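Have a look at the structure below, then the notes.
Every number here is computed from the coordinates shown, using simple stated rules; none is lab data. Being a predicted model, the structure only gives us computed values, none of them experimental. Cβ placement follows ideal geometry from the backbone for every residue including glycine, while neighbour counts extend to all protein chains displayed.
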Amino acid sequence: MATYPQNNRTWQILNAAEKGGYAVPAFNCYNADGILGSIRAAEKMNSPAMIEIFPFSIHFHGKSFIEFAANACHAAKVPISFHLDHCTVKTDVFLALELPFDSIMVDASSEDPEENVTFVKHIAELAEARGITIEAEMGRIQGGEDGVPAVEMEALYTEPEFAAEFMRRTGVHYLAPSFGNVHGPYPPGGPEKFWQIDRLEQIKAHSPGTILVLHGAYPIIPDLFQRVITLGVRKVNLNKNLHDAYLNYLGKNIGKVEMTGLQEGSIAVWEEEACKMIKLLGSDNKA
Ligand SMILES: [Zn+2]
């Protein structure tokens, strides 16, 4: 029987991606529409996937919604894990450890680096006892997105040597590096201008086998994405990429279509966008 972390769903999905050389989409969802649309897309494309929510949903939607989301992910015909993104508040991390998440991102990147190591290591130990795996940010990714407090401080780029040491000392499973990626829309010039591909290459070289996570994937630049996937990015967080199309559909159809039709239509739009992302990341037919 597989033992921890091999028995963890997120670990299985991302390690299969590491072996296969592709990336898996992690769909940021704020409601049941996103969850259903993401699951349908993954099943249609025969793709593994991740569905992630922010701590906002723990507080706003409550425990029964979290259980619904986890059950929906786990009942899918393809492997889908349920993840908590950007847990910045310590009490939220402790709350999340008691909920049915497969994995949690601990974002303690605004702390003093040494405190960050101590805290993340402690959480990784608690998570192991619950069969949950941990993603951590090292350095500081700039910007903000709906559900994540905006970082006003200057970005702190991940230092490849420190990242390797951080991974070793904390025992976390996945690393979200800061290499010029930005949450939310990029300033003029976009990812092409800001991503330090050399830095990402060095991070991977210093931490071989480490699963890298990409935050700040809006907008998508296909060539650049292929490039970072070849460098070891295995999880790509997708938020506005899907919400743009979904909200646009709702905006145009609200008041004109009945609720049932509105849900069918908006989830279909989400599903279509999600399928495009799956194709782009290369996770189609990898379930
Ligand atoms: Zn993020």
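Of all residues in the stretch 170-193, those satisfying the criterion of being assigned to a helix (DSSP H, G or I), more than 15 Å from the ligand (Cβ to nearest atom) and not charged (D, E, K, R) are THR170, GLY190. Residues that are surrounded by 22 or more Cβ atoms within 10 Å (Cβ to Cβ) and either within 16 Å of the ligand (Cβ to nearest atom) or among the acidic types (Asp, Glu) (or both) occur at least once in the stretch 125-134. Of all residues in the stretch 6-46, those being within 18 Å of the chain's Cα centre (by Cα) and not in a helix (DSSP H, G or I) number 12.
When the stretch 93-124 is filtered for residues that are β-branched (Val, Ile, Thr) and buried (at least 23 other Cβ atoms within 10 Å of the Cβ), the ones remaining, listed by number, are VAL93, ILE104, VAL106, VAL120, ILE123. Note on the stretch 244-268: residues that are crowded, with 17+ Cβ neighbours inside 10 Å and touching a residue at least 40 places away in the same chain (Cβ under 8 Å) total 3.
The C-beta contact set for the stretch 137-166 (first residue hydroxyl-bearing (Ser, Thr, Tyr), second residue within 16 Å of the ligand (Cβ to nearest atom) and part of a loop (DSSP other than H, G, I, E, B), distance under 8 angstrom, 6+ apart or interchain) comprises TYR157/GLY139; TYR157/SER178; TYR157/PHE179; TYR157/GLY180; THR158/GLY139; THR158/SER178; THR158/PHE179. Selection of the stretch 194-221 for residues being away from the ligand (no atom under 16 Å from the Cβ), of a type in the set (Gly, Ala, Ser) and surrounded by 16 or more Cβ atoms within 10 Å (Cβ to Cβ) yields only SER207.
Considering the stretch 11-67, and only residues there that are touching a residue at least 40 places away in the same chain (Cβ under 8 Å) and at positive phi, the residue that is surrounded by the most Cβ atoms within 10 Å (Cβ to Cβ) turns out to be ASN46.
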